Amino acid sequence: MKFSALFLLLVSLNTSALAAETESAKLWLEQLSKSLRELNFTTSFVVVKNNQAEPYHWLHGIGENSQELEIFSRLNGPRRDILRQGDIVSYIEPEQEPYSIISQSVQSPIPTIFRGDFSELEDNYRFISVGRSRVLGRVAQLVRIVAKDKYRFSYWLWLDQQTGLLLKMAILTRQGLLLEQIQFTHIEVSEQLSESLVQFQSTELPEIIKLNNQKKNRVLAWKVDWLPQGFAVIKSNQHNLNSHNQGENKAVEFMLFSDGLVEISVYVNLSQENFRAPEYASDGATMVFNHIVQGIEVGIVGDIPLTTAKKIAESIVPATKDNAINNVQRSVREQQDD
């Protein structure tokens, strides 16, 4: 066999193997999504980052009329519970009145897409089924969600072979550096709804609130001129932010972007300073970036590399031909009048 023919054969075999690994990974991810939506389970896990471990307790089940029920509890420090009955999500936090909002998901360490449609990620991530290992005394399938570019991180998931539920998750840089990890310490699946959720489904949740201080349906003064491929805006508004340094409110424009897996928050407001060199800090995979240029303060928060946050911040430009500063000042006057 000639070398060229042998080379083509090897390439073909390698391509077929990769396709098989991808298809296997998709099936496992579909099972994860289905299990998170349909199973009754009680779990405990810890989020490990910066050499610290934060423990959580998570209950999920299907109640009357096929209504999903969830309780997320943070176990260390001040109590913080997140409760969900169908599309009503309630937050119980210290030094704040309990409240509810309309939502299909809870804000937790577990990415929302894990219970959704993973095909939304295919343009920007590769799915690879790697092999089996042992986690929490169970046989686990390792599935990698690998970023296709350098502007985001990759995720490794260890899924329980029996139930498809998540047993472990790791967030890694492109170079393979571990940034953050979720390790489950207990998992129990049952046919019946847990007693805690049986009681919870008859509990009346706090009143649903509306965020009246936000200006939603209007054109913002600023826009993000660059984002990694696949990120789209999912929320934007203008609101007042208490400024302890100045003793007054300041108008802030907020934009939230997502690629389906990762969310990036962008904050833009006027500053009394004309310039401040970039400042940044990381909390596990979460990057917090801030700088001031020509009197405009930009803040970026998200599970993204520093280079991505910096590139986004530097791309902020006026949204229209009108003077952006005048637009923001007008927003301040309107909000003070409300």
Note to self: Just to check I understand the Karplus step: with θ = phi - 60° and J = 6.51 cos²θ - 1.76 cosθ + 1.60, what whole-Hz values come out for region 193-207, glycine and proline as x?
What the structure shows: 5, 5, 4, 4, 6, 4, 5, 5, 5, 9, 7, 7, 7, x, 4
Next item on the list: Over region 125-239, with every protein chain in place, what whole percent of the accessible area is carbon and sulfur at 1.4 Å, could you tell me?
Entry: 46 percent
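On a 1.4 Å probe surface of the protein chains, which of 84, 138 comes out largest in accessible area, and what is the full order? The partial results should precede the final answer.
Numbers: 84 5, 138 60 Å².
If we order 84, 138 from most to least accessible, we get 138, 84.
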Margin query: Positive end of the dipole of region 219-310, charges at C-beta (+1 Lys, Arg; -1 Asp, Glu), about the Cα centre: which of 232, 305, 262 has its Cα farthest in that direction?
Written below: 232
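Can you work out the accessible area per residue across region 54-126, with the rest of the protein chains kept in place, probe 1.4 Å, in square angstrom?
Numbers: 3680 Å² over 73 residues.
Accessible area per residue: 50 Å².
Taking 4 °C and 1.567 mPa s as the conditions, I'd like the Stokes-Einstein D for region 65-137 in µm²/s, using the Kirkwood hydrodynamic radius from alpha carbon pairs.
Working: Rh = 15.2 Å.
In µm²/s, the coefficient is 85.
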Check: Assuming R0 = 30 Å, what is the FRET efficiency of residue 274 and residue 235, from their Cβ-Cβ distance, to the nearest 0.05?
Finding: 0.50
Next item on the list: State, to one decimal in nm, how far the label point of residue 44 lies from the label point of residue 79, with both points 7 Å from Cα in the Cβ direction.
Entry: 1.7 nm
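Counting only protein chains, not ligands or nucleic acids, how are 286, 307 ordered by accessible area (probe 1.4 Å), most first?
On the way: 286 35, 307 90 Å².
Largest to smallest exposure gives the sequence 307, 286.
Packing-wise, with mean Cβ within 10 Å as the measure, how do 251-260, 43-52, 178-187 rank, highest first?
251-260, 178-187, 43-52
Could you tell me whether region 88-198 comes out rounded, prolate or oblate from its Cα gyration tensor? Rule is a ≥ b ≥ c as square roots of the eigenvalues, rounded for a/c under 1.5, then prolate if a/b exceeds b/c, otherwise oblate. Write down the numbers at each step before the final one.
Numbers: a/c = 1.97, a/b = 1.32, b/c = 1.49.
Judged from the Cα gyration tensor, region 88-198 comes out oblate (a/c at least 1.5, b/c at or above a/b).
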Check: Of the cross-linked pairs 34/168; 250/310; 26/168; 26/150; 26/148; 26/235, which ones have a Cα-Cα span greater than 20 Å in the structure shown?
Finding: 250/310; 26/150; 26/235
Note to self: For region 132-194, take N as its residue count and report Rg(C-alpha) divided by 2.2 N^0.38 Å.
What the structure shows: 1.29
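The values are calculated or read from the model by the stated rules, or taken from the named source; none is laboratory data. Computed from a predicted model, the values in this text were never measured in an experiment. Cβ: placed from backbone, ideal geometry, glycine included. Neighbour counts: every protein chain shown. Areas reflect the complete protein model, heavy atoms only, side chains present, ligands, DNA and RNA absent. Shrake-Rupley method; radii C 1.70, N 1.55, O 1.52, S 1.80 Å.
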